[in-house]
1. From the phi angles alone, apply the Karplus equation (6.51, -1.76, 1.60; θ = phi - 60°) to the range 47-63 and give each ³J(HN,Hα) in whole Hz, x where the residue is Gly or Pro.
2. Based on the Cβ-Cβ distance from Gln103 to Ala39, what FRET efficiency comes out when R0 is 41 Å, to the nearest 0.05?
3. Can you tell me the alpha carbon radius of gyration of the range 84-138 divided by the globular rule-of-thumb value 2.2 N^0.38 Å?
4. Quote the charge dipole size of the range 42-137 about the Cα centre in Debye, to the nearest 20; the model charges only the Cβ of Lys and Arg (+1) and of Asp and Glu (-1).
5. Expressed as cubic angstrom per residue, what is the convex hull volume of the alpha carbon set of the range 42-137?
6. Given a Förster distance of 25 Å, report the FRET efficiency between Ser110 and Ala130 from their Cβ-Cβ distance, rounded to the nearest 0.05.
7. Taking 25 Å as R0, compute the FRET efficiency from the Cβ-Cβ separation of Ala50 and Leu88 and round it to 0.05.
Amino acid sequence: MVLARAIRRVIWWSAVAAVAGCGQRERPTFPTESPGNSAGPVTEILQPEAPDTTVVEGDLVFVGGRASDPDGVDTVYFEIGGLNQSFLPLNGEGADTVTFALQLSTLGHSGTTATVRVYAVDLLGDRGSAVTRQIRIQ
């Protein structure tokens with residue numbers, strides 16, 4: 001009987017404390033929409049500038065650019081078609097702008113057209129549009 005009364009008092013005082021405490025603090029709110037802009041990072045290839053470039057076999061080709069997003073860049077992805085080369089994704093670590101540079105070997109690929117495709121994903125998981133360059137190897 002004494003134990004039951006003690007339990008009722010604890011429950012009653014806990015309820016009073018909860019009600020009183022809730023009135024004095026802000027209630028947590030959660031966004032109903034994505035907190036970001038729902039657009040993925042903007043990716044640019046700055047080198048080579050032209051969307052279609054021709055090089056001589058044996059030349060090294062440098063592909064450089066940047067990915068930017070106010071929500072922070074999580075990862076930059078590289079897809080290389082036509083060459084037997086690949087690159088690991090680049091961790092953006094949440095930076096607003098991430099620069100990248102790739103070095104492509106054209107040795108032994110005369111007559112090949114390589115396609116370089118780059119895109120990025122922001123910290124919220126939004127994927128940006130891909131940017132592409134074609135490199136024709138003579």
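Since every read-out is calculated from the coordinates, none of them should be taken as a lab result. Everything quoted here is computed from the prediction, not taken from an experiment. Cβ sites come from the backbone with ideal geometry, for glycine too, and all protein chains shown count toward neighbours.
1. Coupling constants for the range 47-63: 9, x, 6, 6, x, 9, 10, 10, 10, 8, 3, x, 6, 8, 10, 9, 10 Hz.
2. Between Gln103 and Ala39 the formula returns 0.85.
3. Output field value: 1.39.
4. Once rounded to the nearest 20, the dipole reads 380 debye.
5. 75 Å³
6. Using R0 = 25 Å, I get an efficiency of 0.40.
7. Between Ala50 and Leu88 the formula returns 0.40.
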